[in-house]
Amino acid sequence: MKLLRVVAPSLLLCTASLLAQQPPTTKTNQVMVQVVAKPGVQREQVRKFVQEEVRATVRLYLDGKIREWYSRSDGKGIILIVNATSIAEAKAITETLPLSKADLVDHEYTELGPLAPLYNLVGEPTAK
């Protein structure tokens with residue numbers, strides 16, 4: 001118990017110090033794209049494009065531009081994981097899809113990269 005009283009404050013200070021440090025910035029290596037129908041767009045409008053949209057998405061997957069895609073569990077759209085190093089690059093890819101061309105969907109883009117706190121274990125990122 002005495003050891004705990006001595007060690008606990010030190011652990012607390014170390015943890016606080018680590019949390020206060022700014023994690024290193026990571027490079028974007030993928031972009032998550034949430035795709036949802038625009039307000040007022042009816043399901044029938046979207047259904048007209050489903051087969052063409054799926055074919056185009058599969059082509060992008062086979063070309064290595066889309067890594068993964070998912071349906072949202074609430075049925076309100078899809079999530080794409082795009083192999084892109086910027087939002088601009090991901091937009092250029094998703095704007096080729098039929099529903100985007102028809103202006104029936106909105107997109108929300110989020111850049112993704114390696115889990116930054118892992119650098120606390122292995123050190124700063126290496127330069128390439």
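Read-outs: derived from the displayed coordinates by stated rules, not from any lab. These figures come from a predicted structure and were not determined experimentally. With ideal geometry, Cβ positions are generated from the backbone for all residues, glycine too; neighbour counts draw on all protein chains shown.
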Notebook entry, point to check: What residue, among those in the range 102-128 that are over 30 Å from LYS48 (Cβ atoms) and hydroxyl-bearing (Ser, Thr, Tyr), is surrounded by the most Cβ atoms within 10 Å (Cβ to Cβ)?
Noted result: TYR119
Check: Do you know which residues across the range 78-101 are surrounded by fewer than 18 Cβ atoms within 10 Å (Cβ to Cβ) and touching a residue at least 12 places away in the same chain (Cβ under 8 Å)?
Finding: ILE78, ILE79, ILE81, THR85, SER86, ILE87, GLU89, LYS91, THR96
Item checked: Scope the range 57-94; condition assigned to a helix (DSSP H, G or I) and within 15 Å of HIS107 (Cβ to Cβ); matching residues -> THR57, LEU60, ILE87, ALA88, GLU89, ALA90, LYS91, ALA92, ILE93, THR94
Note to self: With the requirement that a residue be surrounded by 11 or more Cβ atoms within 10 Å (Cβ to Cβ) and part of a loop (DSSP other than H, G, I, E, B), what does the range 28-53 give you?
What the structure shows: THR28, ASN29, LYS38, VAL41, LYS48, PHE49
Check: Do you know which residues across the range 53-79 are closer than 15 Å to GLU95 by Cβ and touching a helix residue (DSSP H, G or I) at 6+ places or on another chain (Cβ under 7 Å)?
Finding: GLU53, ALA56, LEU60, LYS65, ILE66
